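The values are calculated or read from the model by the stated rules, or taken from the named source; none is laboratory data. It should be emphasised that the depicted structure is a prediction, and the values quoted were computed from it without experimental measurement. Ideal geometry is used to build each Cβ from the backbone, glycine not excepted, and the neighbour counts take in all protein chains shown.
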Amino acid sequence: MTAPDVFGAARLGPVAMPNRIIKAATFEGRTPEALVTDELVEFHRRHAAGGVGMTTVAYCAVAPEGRTDRHQIWMRPEAVPGLRRLTEAVHAEGAAVSAQIGHAGPVANGASNRAPAIAPSGLFSPLSMQRVLAATADDITRVVRAHAEAARLAADSGFDAVEIHFGHNYLASSFLSPLLNRRRDGYGGSLQNRARFPREIARAVRDEVGDRIAITAKLNTDDGVPGGFWLDESLTVASWLESDGSLDALTLTAGSSLLNPMYLFTGDVPVREFAGVQPKPVGAVLRVVGRGFLRSYPYRDAYLLDRARQFRERVRMPLVLLGGITSTETMELAMAEGFSFVAMARALLREPDLPRRLRSSRSARSLCIHCNKCMPTIYRRTECVLARTT
Ligand SMILES: Cc1cc2nc3c(=O)[nH]c(=O)nc-3n(C[C@H](O)[C@H](O)[C@H](O)COP(=O)(O)O)c2cc1C
């Protein structure tokens with residue numbers, strides 16, 4: 001079979017997309033009141049005008065305590081008018097739009113949210129310098145339900161899709177981790193038990209929205225943490241998610257925002273810039289221990305392909321290849337390997353109109369140098385620091 005044209009029209013579940021390029025979630029830092037602003041609308045309109053098939057709004061927490069800080073949107077009726085304005089602006093440019101919904105769990109900043117963070121088991125968070133509480137049975141039921149309601153609000157706001165966050169040791173991902181999940185109830189222990197919470201979330205979302213919108217999930221191939229969730233287990237979870245039939249596609253990611261953040265990105269480690277945006281005591285500690293916490297991994301194009309390929313062999317559902325997609329060549333490689341879509345984050349922060357440029361010149365490639373200095377900007381207003389000056 002010939003590989004699909006990445007620039008050609010495609011379907012994702014019930015959604016028609018103009019091409020197979022997705023703007024991956026990059027928390028935008030443009031929601032100071034936890035509501036949509038004109039700047040957020042313009043951010044996504046620019047990506048849509050730049051030629052992506054679908055842009056992803058990140059991130060839309062399902063509960064106020066599930067935010068990595070209190071300036072993030074959480075899904076509530078008050079957020080709907082702004083979200084509707086955003087989806088209309090993206091649609092006017094001819095692209096589709098997805099909302100990343102999730103609960104940050106142990107990655108949530110309880111101090112900023114003024115509400116304690118929760119995790120499968122209690123722990124001390126180095127991010128908020130606070131204790132994270134073990135989720136109760138009521139918390140689990142409430143958060144599953146909250147995902148369903150967030151997806152309904154997203155559909156009501158005109159989104160074409162939701163992407164459920166099952167990665168980066170956010171709440172669902174931390175349930176999958178044998179290191180972070182030490183529960184003795186039906187949500188801990190065996191892989192089947194640890195996978196129960198994310199599977200229930202996906203099911204509840206599908207039951208709530210049916211085929212009104214596409215439902216995808218962003219799943220870790222592995223946490224990159226000794227004793228954490230690893231590839232063999234993730235392959236099994238992917239096959240369960242496929243047989244549950246709740247998802248239209250799976251995006252593969254890796255790493256832990258809590259324990260090994262650079263594993264997500266690879267490339268340079270901007271310790272000084274990270275330390276500079278933290279509260280003074282945290283910044284001082286980070287300057288000293290930063291190189292240990294922010295371990296470095298060499299960058300290469302399509303750096304998740306070796307792992308993602310194993311998922312391609314294991315499941316039949318549409319898969320999205322993410323991680324170091326920077327040129328037509330890497331996108332065509334993904335298509336040839338059987339992936340249905342590609343997702344790009346940093347390359348599009350660098351140049352929102354990259355898809356248009358790639359389409360007009362086959363040899364073009366991203367100007368992103370994976371310096372990762374965009375990452376610390378999420379605390380102010382997410383941007384590429386090089387795009388700022390060019
Ligand atoms: C500034 C920044 C913010 C990010 N925010 C999110 C987020 O809110 N949710 C998420 O799942 N991933 C987030 N990511 C990770 C990206 O979606 C993506 O997984 C990662 O950057 C690898 O893709 P890339 O090589 O195309 O950049 C963020 C990445 C960057 C650079």
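When you scan region 234-252, do you find a residue that is within 11 Å of the ligand (Cβ to nearest atom), in contact with a Lys or Arg (Cβ under 8 Å, 6 or more places away or on another chain), outside any loop (DSSP other than H, G, I, E, B) and under 19 Å from Leu179 (Cα atoms), even just one?
Among the residues of region 234-252, not one is within 11 Å of the ligand (Cβ to nearest atom), in contact with a Lys or Arg (Cβ under 8 Å, 6 or more places away or on another chain), outside any loop (DSSP other than H, G, I, E, B) and under 19 Å from Leu179 (Cα atoms), which makes the answer no.
Per-residue answers, yes or no, for (1) under 21 Å from Thr26 (Cα atoms); (2) not β-branched (Val, Ile, Thr):
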position: Thr236; (1), (2): no, no
position: Ala249; (1), (2): yes, yes
position: Leu264; (1), (2): yes, yes
position: Leu286; (1), (2): no, yes
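Anything in region 44-68 that is more than 30 Å from Ile118 (Cβ to Cβ) and buried (at least 23 other Cβ atoms within 10 Å of the Cβ)? List them, or say none.
Residues satisfying the conditions are His47, Ala48, Gly51, Val52, Gly53, Met54.
If you take the residues in region 13-43 that are charged (D, E, K, R) and under 20 Å from Thr330 (Cα atoms), which one is farthest from the ligand (Cβ to nearest atom)?
Checking each candidate, the answer is Arg20.
Cβ-Cβ distance below 8 Å, separation of 6 or more or different chains: which pairs start in region 367-386 with a residue that is among the aromatic types (Phe, Trp, Tyr) and end on one that is near the ligand (Cβ under 9 Å from one of its atoms)?
From residues that are among the aromatic types (Phe, Trp, Tyr), the pairs are Tyr379/Gly29.
Select, from Arg182, Arg131, the only residue that is at negative phi, in contact (Cβ under 8 Å) with a residue 60 or more places away in the chain, outside any helix (DSSP H, G or I) and touching a Gly at 6+ places or on another chain (Cβ under 9 Å).
Numbers: Arg131 fails: in contact (Cβ under 8 Å) with a residue 60 or more places away in the chain.
Going through Arg182, Arg131 in turn, the sole match is Arg182.
Could you please find all residues in region 136-158 being hydrophobic (A, V, I, L, M, F, W, C), away from the ligand (no atom under 16 Å from the Cβ) and either closer than 23 Å to Val320 by Cβ or free of Cβ contacts under 8 Å to residues at least 24 places away in the same chain (or both)? Spell out the reasoning first.
Within region 136-158, the first condition is being hydrophobic (A, V, I, L, M, F, W, C), and the residues that meet it are 137, 140, 143-144, 146, 148, 150-151, 153-155.
Still in the running and away from the ligand (no atom under 16 Å from the Cβ): 137, 140, 143-144, 146, 148, 151, 153, 155.
Selection gives Ala148, Ala151, Ala155.
Could you tell me whether region 30-43 includes any residue that is touching a strand residue (DSSP E or B) at 6+ places or on another chain (Cβ under 7 Å), under 23 Å from Gly323 (Cβ atoms) and at pLDDT 95 or above?
Taking every residue of region 30-43 in turn, none turns out to be touching a strand residue (DSSP E or B) at 6+ places or on another chain (Cβ under 7 Å), under 23 Å from Gly323 (Cβ atoms) and at pLDDT 95 or above.
Okay, residues lined up against (1) within 15 Å of the ligand (Cβ to nearest atom); (2) part of a loop (DSSP other than H, G, I, E, B):
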position	(1), (2)
Arg11	no, no
Arg45	no, no
Gly51	no, yes
Thr55	yes, no
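Does Leu264 satisfy the criteria of being of a type outside the set (S, T, N, Q) and in contact with a Gly (Cβ under 6 Å, 6 or more places away or on another chain)? First the steps, then the outcome.
Working: of a type outside the set (S, T, N, Q): yes; in contact with a Gly (Cβ under 6 Å, 6 or more places away or on another chain): yes.
When the stated conditions are applied, Leu264 passes them.
Of these, Val15, Val52, Val90, Val41, which one is of a type in the set (Val, Ile, Thr) and touching an Asp or Glu at 6+ places or on another chain (Cβ under 7 Å)?
After applying the criteria, what remains is Val15.
What number of residues in region 72-103 are farther than 23 Å from Arg114 by Cα, in contact with a helix residue (DSSP H, G or I) (Cβ under 7 Å, 6 or more places away or on another chain) and within 16 Å of the ligand (Cβ to nearest atom)?
3
Please specify each residue of region 312-343 satisfying the condition of being surrounded by 19 or more Cβ atoms within 10 Å (Cβ to Cβ) and at positive phi.
Gly323, Gly324
Here is a check on your reading of the model: is Ser112 surrounded by 24 or more Cβ atoms within 10 Å (Cβ to Cβ), polar (S, T, N, Q) and either over 20 Å from the mean Cα position of the chain (by Cα) or not in a loop (DSSP other than H, G, I, E, B) (or both)?
So Ser112 fails the test.
In this structure, is Ser157 within 28 Å of Met17 (Cα to Cα), surrounded by 20 or more Cβ atoms within 10 Å (Cβ to Cβ) and among the polar types (S, T, N, Q)?
The answer is yes for Ser157.
Return the residue satisfying two criteria in turn: it lies in region 291-310 and is of a type in the set (D, E, K, R) and within 12 Å of the ligand (Cβ to nearest atom), and of such residues it is surrounded by the most Cβ atoms within 10 Å (Cβ to Cβ).
Asp301
Mind listing whichever residues of region 1-14 are within 20 Å of His165 (Cα to Cα) and surrounded by 20 or more Cβ atoms within 10 Å (Cβ to Cβ)?
The one that is within 20 Å of His165 (Cα to Cα) and surrounded by 20 or more Cβ atoms within 10 Å (Cβ to Cβ): Leu12.
When you go through Arg182, Arg114 one by one, which is the residue that is basic (Lys, Arg) and at pLDDT below 95?
Result: Arg114 is the single residue among Arg182, Arg114 that is basic (Lys, Arg) and at pLDDT below 95.
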